[in-house]
Amino acid sequence: MNLADIPHRCIPATPWAEGENIPWNDPLFSARMLSEHLNQKHNLASRRSEIIDLQVRWIHDEILERSPTRILDLACGPGLYTSRLAKLGHQCVGVDFAPAAIEYAKQTARGQRLACEYQLCDVREADYGEGFGLVMMLFGQINVFRTEHARSIIRKANVALASGGKILLEPQRLSTVESTGRNPSSWQSYGDSGGLFSPRAHICLTENFWDAHLLAATQRFFVVDAINHEVTPYAMTTRGYTNDQFESILTDAGFTGIRFEPSLTGVYEETHSPENQVVLATKALA
C-alpha cells in the first residue's frame, strides 16, 4: 500500500472486514508490545504493578475466598496476574497469542519456581483442559472477538471449570467502546527509535468508526515509513455489550449467579480502570 491509496479507502470501515486484530503473534511486534506491558509509566498495555497487586488481592480474597485452586488465565500476556496468584498458593495456566509475552511468563515462572504453565496459542483454538476453579479473561480482551467467537470462548470456559467453578470477565464498558469508535481521527509521529507498530521512524494515522447496530468500534492504523513512505495498514474491532447481553451469553453457556462489579477491586476507581467493569458467574452444580 502507498500514500496514494489512502484517499480511496472505504468509509466507514466495516467491523472485522480488514483484519481480526493487530499482529500480537508477530515476534517483533510482540517484543515491542512486551516493553509496553512492563512499562510502569502508564496503564495502556498492562496496569502498573501497584494496581495489579490490589486487583490480585481482591481476586484472591473476595472471589476465591483465599482458597487455593487451579486458575486458567485467557489472554494472560506476560503472566503478571498468574505469577502473583501462584505466589498466593494457586496453580495457574496461561494462554496467549504473543510469543514474547509467553516467553517472559515462562522465564518468570522458572526463575521464581512458580506453579504456572503457559501455552502459546490463540484462545479461540486452545485446549483449555478441565478441573479449574476459576477461568478469567481480563483487560477487555473478550471485546476484541467477534460475537460468535466470544460465545465459543465462554462455552469452552464453562467446560474447563469444575462444578461450582467461576468465570471472571473484565470487559470494556459499552460506553468505553462507543467512545473509542467516536474518537476523531489523529496522527502521531515517531523518531528513529520507532514505536509499537514499527522499529523505524514513522507516522501513525489513526481513524475510528462506530457501528451503532453492531455496538462495535473499528480502528484503522496507517503506519507510514518516514524513509520509503510505504504504508502498512492495520485494523481492529472492539465489540461492546450491554449487561443484558452478557447475562444472556453466560446463561446460554451454562452459568448461573451472574453479577456485575465496578472493577477488579470491587469499587469504582477513576485512576485504576474506569473503562472496564467486571462480570462474574458460576458454573451450575452438576
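Each value in this text was obtained by applying a stated rule to the coordinates, not by laboratory testing. The shown structure was predicted, so the numbers you read here are calculated from the model rather than taken from an experiment. Because the Cβ atoms are built from the backbone with ideal geometry, glycine has one as well, and the counts that use them run over all protein chains shown.
For residue 230, neighbours were defined as the other residues whose beta-carbon sits under 12 Å from its Cβ, and their charges (Lys and Arg +1, Asp and Glu -1) total -1.
Neighbour counting of Cβ atoms within 10 Å sorts the residues 268, 104, fewest neighbours leading, into 268, 104.
Counting residues in the stretch 209-286 as N, plug N into 2.2 N^0.38 Å and put the Cα Rg over that result.
Working: Rg = 18.7 Å, N = 78, 2.2 N^0.38 = 11.5 Å.
It is 1.62.
With a cut-off of 16 Å on the backbone N, the residues of the stretch 189-221 near the modelled label site 7 Å out from residue 41 along Cα-Cβ are 189-197. Taken along its principal axes, the alpha carbon cloud of the stretch 1-147 reaches lengths of 58, 31, 24 Å, longest axis first.
What GluC sites (Glu not before Pro) does the stretch 241-286 have in DSSP loop regions with at most 12 other beta carbons within 10 Å? Walk me through the numbers on the way to the answer.
Working: sites: 247, 269, 270, 275; in loops: 269, 270, 275.
Here the GluC sites (Glu not before Pro) that fit, given the DSSP loop and packing criteria, are 270.
Quick one: among 149, 42, 90, which has the greatest mean-square fluctuation in a GNM of the chain with alpha-carbon springs under 10 angstrom? It is 42. Normalising the average separation of contacting C-alpha pairs (under 8 angstrom, six or more residues apart) by the number of residues puts the relative contact order of the chain at 19 percent. In straight-distance terms, cross-link reach from residue 87 covers every one of the lysines whose alpha-carbon lies under 26 Å from its own, apart from those fewer than eight places away in the same chain; here that gives 41, 106, 166, 283.
Lys and Arg at +1, Asp and Glu at -1: add these up for the other residues within a Cβ distance under 10 Å of residue 207 and post the number.
On the way: positive: 9, 220; negative: none.
Spelling it out: positives minus negatives among the neighbours equals +2.
Approximating the spin labels as points 7 Å out from Cα along Cα→Cβ, the residue 3-to-residue 88 distance works out to 5.2 nm.
Evaluated over the Cα positions of the stretch 118-160, the convex hull gives a direction-averaged projected area, one quarter of its surface, of 3.2 nm².
If each residue's Cβ is checked for other Cβ atoms within 10 Å, how do 260, 246 rank with the fewest at the top? Could the numbers behind the result be given before it?
Details: 260 12, 246 21.
Result, fewest neighbours first: 260, 246.
Rg and Dmax of the stretch 129-258, based on Cα coordinates, read 18.7, 58 Å. By its C-alpha gyration tensor, with a ≥ b ≥ c as the square roots of the eigenvalues, how is the stretch 1-74 shaped: rounded for a/c under 1.5, else prolate for a/b larger than b/c, else oblate? Verdict is prolate for the stretch 1-74. Listed from fewest to most Cβ neighbours within 10 Å, the set 241, 190 follows the order 190, 241.
The mean sequence separation of alpha-carbon pairs under 8 Å and at least six residues apart, normalised by the residue count of the stretch 91-242, gives a relative contact order of 17 percent. Count Lys and Arg as plus one, Asp and Glu as minus one, and take only other residues whose Cβ is under 12 Å from that of residue 170; the net charge is then -1.
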